[in-house]
1. Return the residues of region 91-123 that are of a type in the set (Lys, Arg) and part of a strand (DSSP E or B); say none if nothing qualifies.
2. Exactly one condition in (1) within 13 Å of the chain's Cα centre (by Cα); (2) touching a residue at least 60 places away in the same chain (Cβ under 8 Å) is false for LYS62; which is it?
3. List the pairs whose first member sits in region 19-35 and is closer than 14 Å to VAL61 by Cβ and touching a residue at least 40 places away in the same chain (Cβ under 8 Å), whose second member is surrounded by 16 or more Cβ atoms within 10 Å (Cβ to Cβ) and hydroxyl-bearing (Ser, Thr, Tyr), and whose Cβ atoms are under 7 Å apart, counting only residues at least 6 apart or on separate chains?
4. Of the numbered conditions (1) surrounded by 11 or more Cβ atoms within 10 Å (Cβ to Cβ); (2) without any contact (Cβ under 8 Å) to a residue 24 or more places away in the chain; (3) among the hydroxyl-bearing types (Ser, Thr, Tyr), THR14 fails exactly one; give the number of that condition.
5. Is one or more of the residues making up region 33-52 among the polar types (S, T, N, Q), under 17 Å from GLY19 (Cβ atoms) and touching a Leu at 6+ places or on another chain (Cβ under 7 Å)?
6. Can you tell me which residue among LEU48, LEU11, LEU27 is under 10 Å from the mean Cα position of the chain (by Cα), under 28 Å from PRO112 (Cβ atoms) and among the aliphatic types (A, V, I, L, M)?
7. Say whether the condition of being buried (at least 17 other Cβ atoms within 10 Å of the Cβ), basic (Lys, Arg) and more than 15 Å from ARG40 (Cα to Cα) is met by at least one residue in region 115-127.
8. If I filter region 82-104 for residues that are charged (D, E, K, R), surrounded by 12 or more Cβ atoms within 10 Å (Cβ to Cβ), touching a Lys or Arg at 6+ places or on another chain (Cβ under 6 Å) and free of Cβ contacts under 8 Å to residues at least 60 places away in the same chain, do I get at least one hit?
Amino acid sequence: MLWPFRARWRLAPTLGEQGERLAAKHLKRHGFRILERNVRLGPNEVDLIAREGDTVVFVEVKTRRACDPVPPEANVGPEKQRRLRRAARIYISRHDDGETYYRFDIVSVCIPEKGRPDVVLFRDAFQGH
C-alpha cells in the first residue's frame, strides 16, 4: 500500500510544474490575468486559463530542459489540439457570456541546466474550429 500523502512530501517541483509557474509569471507580466490552473474539463486538462482584455485564452505549456533540436511548442500536435478544443467547449458552455472571445496560445519554456529559462508566448497558436 502506498502512503496516501506521498505527493505532499515532494520537496522540489517537477519540470512541468516549474514551466507552468514560469509561464504564468510571463503571462502576468504581459497583462494577462490567470483565471485557473490545471483545469480538468471532462477527460481533458488545460494547463492555464487566462484572460487578456475581452479574450479568454486556453494555454498549453510545454517545458523542456533543452530546446534543440525540437522546440517544445512543436509537440502540440493535432491530437493535443483536438483535446484542448474539447476542453474549451466544456469551459465555454459553463462560462460563456456572449461577449467574450476565445483563443489558444502555447507557452514554450526551456529550462537549461545553466542560465536563465527561456519563455516564449505563441499567441493564437492554432484555431478553435
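What follows draws every value from the coordinates through simple rules; no lab data is involved. Note that the structure is a prediction, hence the values are computed from the model and not measured. So basically every Cβ, Gly included, is an ideal-geometry build from the backbone, and we count neighbours across all protein chains shown.
1. To start, the set of residues in region 91-123 that are of a type in the set (Lys, Arg) comprises 94, 103, 114, 116, 123.
Those that are of a type in the set (Lys, Arg) and part of a strand (DSSP E or B): ARG103, ARG123.
2. Unmet condition: (2).
3. Going by the 7 Å Cβ cut-off, the qualifying pairs are GLY19/THR63.
4. The number of the failed condition is (1).
5. Of all residues in region 33-52, those among the polar types (S, T, N, Q) come to 38, 44.
If we keep only those that are under 17 Å from GLY19 (Cβ atoms) as well, we get 38.
Still in the running and touching a Leu at 6+ places or on another chain (Cβ under 7 Å): none.
No: zero hits.
6. Numbers: LEU11 fails: under 10 Å from the mean Cα position of the chain (by Cα); LEU27 fails: under 10 Å from the mean Cα position of the chain (by Cα).
On inspection, the qualifying residue turns out to be LEU48.
7. No - not one qualifying residue is present in region 115-127.
8. no
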